[in-house]
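J.: After the structure tokens below, expect a handful of questions from me.
The values are calculated or read from the model by the stated rules, or taken from the named source; none is laboratory data. For clarity, every value in this text was computed on a predicted model and none was experimentally measured. No Cβ is skipped: glycine too gets one built from the backbone with ideal geometry, and neighbour counts run over all protein chains shown.
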């Protein structure tokens with residue numbers, strides 16, 4: 001019966017996703033120590049009458065043990081399992097009531113003064129905090145507090161907890177004091193709410209706002225960098241173009257690219273290997289700017305988001321060289337080392353003084369340096385008027 | 001004495017273009033569009049340097065080198081190509097060419113490349129430098145001859161600068177050495193490239209083609 005299965009004796013105690021009635025605690029413990037979950041459940045119920053010991057252990061385990069990782073292809077069906085069928089619920093209730101009655105009669109372990117308050121408070125606690133699984137737990141989700149469902153929940157939970165507190169306190173005083181105790185509690189809680197409520201509410205709002213504004217800022221920076229690389233560059237080219245046909249072709253290319261970007265595809269850089277991505281980047285800029293880009297790649301790597309960032313920064317550096325250096329030959333050298341990927345973009349053109357770049361020239365700041373830093377790398381621009389420019393991009397590799 | 005140059009390329013336009021561009025500083029003694037024309041002409045004219053297209057019908061540049069080598073060992077070859085295939089580039093160097101440049105090279109640079117080859121030095125384009133770094137990167141072969149199968153740290157540094165687009169003069173400046181020393185390093189690399197028995201070298205080059 002208590003068969004030990006090697007797969008289930010993991011050193012980590014996790015709450016079970018599959019085998020659960022409430023929070024998967026019993027299922028998790030059962031798997032962990034290698035006994036049937038139903039035995040653990042019975043133990044919890046019985047221990048709960050030992051002055052609520054079982055309940056306290058249950059709640060602590062719920063809070064402390066992480067939820068088991070999701071198994072591939074397996075979606076946890078919490079509704080179905082959490083709310084057992086009516087028949088089953090009645091069965092469980094009868095069993096509990098029976099055990100309860102038995103213990104009551106035997107007069108064993110039983111102390112109504114403790115169990116009922118703790119039970120009520122625990123159920124209230126559960127109702128309040130059992131929202132949306134692990135992500136919501138441990139953090140007040142103020143955005144959803146005002147919605148009907150969560151308000152009902154909040155009300156039920158609060159009433160249950162208050163009832164628990166009331167019963168606890170009432171049991172210590174005389175029976176007719178119950179009314180006074182409840183009144184005192186309500187007054188205290190209303191007072192506390194009036195004092196601290198607005199402040200807590202404001203804090204919550206502020207947190208939510210800060211988080212979303214940070215997300216927005218990051219998105220805006222990424223978008224600005226992209227628009228600079230593509231649309232602004234093309235507009236600059238169109239202004240220089242002399243032939244209507246050339247303008248039209250530039251505009252068409254840009255339209256295609258922008259469309260692909262808006263709808264979440266990056267066809268130009270979709271290559272799965274770094275070498276392909278660099279080559280295709282070089283080809284694209286050669287076409288766009290009528291320059292020759294000599295791209296040399298030593299070693300190769302699987303493309304990922306960070307390498308895409310490197311390739312994009314590299315593309316921006318090459319495009320800058322094509323537009324500003326005055327030469328038509330640009331060298332790109334990318335080397336894949338064990339611990340880093342380095343890229344060098346060099347032209348032997350006009351060069352400039354990096355200290356006197358106007359603030360509205362966003363290319364270097366956003367598209368190159370900012371982009372590299374967002375991906376955990378670095379960028380340096382080495383240039384002197386008349387001595388060409390070299391952009392050095394370094395991206396440490398995390399996986400090695 | 002001006003350097004005597006012979007051009008082998010199957011593109012007529014390209015030959016006349018190079019003729020015009022190099023004609024000012026160098027003496028163009030002749031040109032040919034096929035392997036069959038080129039071999040007797042080179043043997044006959046004894047140019048100092050042959051500019052050689054890698055890709056041609058009838059065996060390409062390597063066929064020319066192989067046919068001329070036995071009769072005119074003094075003639076030096078500089079490979080000139082639009083080809084990016086490692087197999088062809090490594091192949092023509094191992095056949096005996098003293099350097100490899102791409103056709104996008106400027107007239108001025110081509111002129112100095114010819115000069116350099118004539119002086120007995122090697123000419124590496126960024127791409128060739130990249131190929132060599134890649135080919136000599138990998139795992140060491142079983143029976144290693146450090147004299148031929150490995151690049152020294154300095155040679156590697158020099159090649160990395162060349163791959164980044166630095167001229168020999170700029171490399172010399174960056175590494176605080178003389179241009180002559182840079183040339184020595186590059187020539188040493190060329191020798192290793194030609195003589196190394198690293199079996200990977202050929203296999204690597206062939207594999208690269210499939211990518």
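J.: Just to be sure, is residue A:253 at pLDDT 80 or above and over 29 Å from the mean Cα position of the chain (by Cα)?
T.: For residue A:253, the condition - at pLDDT 80 or above and over 29 Å from the mean Cα position of the chain (by Cα) - is not met.
J.: Starting from segment B:139-161, keep only residues that are within 13 Å of chain A (Cβ to nearest Cβ), then list their pairs with residues that are assigned to a loop (DSSP other than H, G, I, E, B) and at pLDDT below 90 whose Cβ atoms are within a distance under 6 Å, requiring at least 6 positions of separation or different chains.
T.: These pairs meet every condition: B:151/B:136.
J.: Scan segment A:283-293 and tell me whether some residue there is within 14 Å of chain B (Cβ to nearest Cβ), modelled with pLDDT of 85 or more, outside any loop (DSSP other than H, G, I, E, B) and more than 28 Å from residue A:221 (Cβ to Cβ).
T.: No; the residues of segment A:283-293 include none that is within 14 Å of chain B (Cβ to nearest Cβ), modelled with pLDDT of 85 or more, outside any loop (DSSP other than H, G, I, E, B) and more than 28 Å from residue A:221 (Cβ to Cβ).
J.: Determine, yes or no, whether residue B:128 is surrounded by 18 or more Cβ atoms within 10 Å (Cβ to Cβ), at pLDDT below 90, closer than 29 Å to residue A:330 by Cβ and away from every other protein chain (no Cβ under 14 Å).
T.: no
J.: Here is a follow-up. When only residues in segment A:314-356 that are touching a strand residue (DSSP E or B) at 6+ places or on another chain (Cβ under 7 Å) and part of a helix (DSSP H, G or I) count, which is farthest from the other protein chains (Cβ to nearest Cβ)?
T.: By that ranking, first place goes to A:354.
J.: Which of the residues belonging to segment B:162-173 are surrounded by 14 or more Cβ atoms within 10 Å (Cβ to Cβ) and within 14 Å of another protein chain (Cβ to nearest Cβ)?
T.: Residues satisfying the conditions are B:162, B:163, B:164, B:165, B:166, B:167, B:168, B:170, B:171, B:173.
J.: On to the next question. Specify which of the listed residues (B:60, B:23, B:96, B:33) is out of contact with any strand residue (DSSP E or B) (no Cβ under 6 Å at 6 or more places or on another chain), away from chain A (no Cβ under 14 Å) and surrounded by 22 or more Cβ atoms within 10 Å (Cβ to Cβ).
T.: B:60
Conditions (1) touching a residue at least 40 places away in the same chain (Cβ under 8 Å); (2) under 14 Å from residue B:114 (Cα atoms), marked per residue:
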site: B:5; (1), (2): yes, yes
site: B:11; (1), (2): yes, no
site: B:18; (1), (2): yes, yes
site: B:41; (1), (2): no, no
site: B:62; (1), (2): no, no
site: B:75; (1), (2): no, yes
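J.: Which residues, counting only those in segment A:256-270, are surrounded by fewer than 17 Cβ atoms within 10 Å (Cβ to Cβ) and either modelled with pLDDT of 70 or more or within 14 Å of chain B (Cβ to nearest Cβ) (or both)?
T.: A:258
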